[in-house]
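First up is the structure itself, then whatever we jot down about it.
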């Protein structure tokens, strides 16, 4: 898992660096860079909490609740800050948040393990909060960086630099915490190398490359959407990505969608229509 994260973060960093040099935008203020770095830090922490939830088997509730917190907090902050949003768009934002919740729930028939995953243990509640606030913090801090005049590629380069550095430092810390005799095994476990042939690792590289570029594209398009519209609108529309993930899983992997997920897709379409009305 860590191998994929590192490759994705590294590809994203190199791609933003190339785009930054090609664009030739002037360097932003130190304040804008600090906000961008903060976005990278909280974003990777939220992602780490999200992956930790996957490992604990609590995905059934972590995904929708973290998505709701990640989208809902920036919307609330934007409105408190005085964003003027029309009645129809406001309804669209509310419906979009509900769509994020519905579509993120696991679909199809559920095994006993999946049923247990839908019962949130109180010990897992901090994971929900950390993951959700990490995603929310990314949206809010990027918004602040752009407000301070940062060019998109300067901001995203800072995001990737801090994100990649954080992952490397965390991995090094976990390795050093292991005993001298267990460090090789810890490295193999962290990077998913245990029992994995070299050919399989090479085969994962194109997927990691696509993941890194896709994640970069998502960040970049969110920044462009924020420049074109309100924070609350850009955040909700960006948070509807589980709709496409679920639809692709149904089309390509033949996964069955639950009634709630189908309802979430319908709500997402309605939300987009309402938000588009100015």
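No value in this document is a laboratory result; all are computed from the given coordinates. Note that the coordinates shown come from a computational prediction; the quantities given were computed from them, not determined experimentally. Methodologically, a virtual Cβ is constructed for each residue, glycine included, from the backbone with ideal geometry; neighbour enumeration extends over all protein chains shown.
Going by neighbour counts of Cβ atoms within 10 Å, the residues 144, 160, 259 line up, fewest first, as 259, 144, 160.
Using a ≥ b ≥ c from the Cα gyration tensor of region 209-269 (square roots of the eigenvalues), is it rounded, prolate or oblate, where a/c under 1.5 gives rounded and otherwise the larger of a/b and b/c decides, a/b for prolate? Walk me through the intermediate numbers first.
Values: a/c = 4.40, a/b = 1.42, b/c = 3.10.
Verdict is oblate for region 209-269.
The ranking of 270, 20, 65 by Cβ neighbour count inside 10 Å, starting from the fewest, reads 270, 20, 65. Is any residue of region 39-54 close enough, with backbone N under 12 Å, to a label point placed 7 angstrom from the Cα of residue 260 along the Cα-Cβ axis, and if so, which? Within reach of a label on residue 260: no residues.
For a quick check: sort 167, 91 by the number of other beta carbons within 10 angstrom, fewest at the front. Can you show the working numbers first?
Numbers: 167 19, 91 16.
By the 10 Å Cβ count, ascending: 91, 167.
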